[in-house]
Amino acid sequence: MKQFTYIITDPVGIHARPAGLLSKAAKELDSTVTITKSDGRSALTTKLMALMALGIKQGETVTVTVEGGSEDANAAKLEQFFKDNL
């Protein structure tokens with residue numbers, strides 16, 4: 001299991017467009033990826049509606065957990081995705 005934390009910088013948080021991109025990127029990986037808010041609520045990143053239901057806003061810190069498959073490589077890919085898109 002690999003984890004990293006990230007502070008959301010997108011002005012509107014994880015809304016429809018970036019949530020869709022994140023879900024699509026996660027589906028391409030051979031790992032299970034979960035995103036957890038600081039309040040403890042979490043969702044699988046492949047579940048678009050559950051991801052959007054978290055209501056993650058700008059400035060919130062999230063923890064991304066990558067389990068199974070190529071954890072190191074997938075965590076690095078996702079961390080770069082967050083820096084580029086969120």
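Any chance you could check the Cα centroid distance between the range 4-56 and the range 58-86 for me, in angstrom?
Cα centroid of the range 4-56 versus Cα centroid of the range 58-86: 9 Å apart.
Using alpha-carbon pairs under 8 Å, 6+ residues apart, how would you state the relative contact order of the chain in percent?
Values: 154 pairs, mean separation 38.6, N = 86.
In percent, rounded to a whole number, it is 45.
Just name one of Thr65, Val12, Ile35: the one whose Cα is farthest towards the positive end of the charge dipole of the chain (beta-carbon charges, Lys/Arg +1, Asp/Glu -1).
Val12
Which lysines does Lys27 reach when only Cα atoms under 18 Å apart count, and residues fewer than 8 places away in its own chain are ignored?
By straight Cα distance, Lys27 reaches Lys2, Lys47, Lys77.
For the range 1-43, give the magnitude of the charge dipole about the Cα centre (Cβ charges: +1 Lys/Arg, -1 Asp/Glu; no others), in debye to the nearest 20.
Working: 6 positive and 4 negative charges, 13 e Å.
In debye, rounded to 20, the range 1-43 gives about 60.
To the nearest 20 Debye, how big is the dipole of the chain about its Cα centre, given +1 on the beta carbon of each Lys and Arg and -1 on that of each Asp and Glu?
On the way: 10 positive and 10 negative charges, 60 e Å.
It works out to roughly 280 debye.
Just so you know, all these numbers are worked out from the coordinates, no wet-lab data involved. Values in this document were obtained by computation on a predicted structure and should not be read as measured data. Note that each Cβ is placed from the backbone with ideal geometry, even for glycine, and that neighbours are counted across all protein chains shown.
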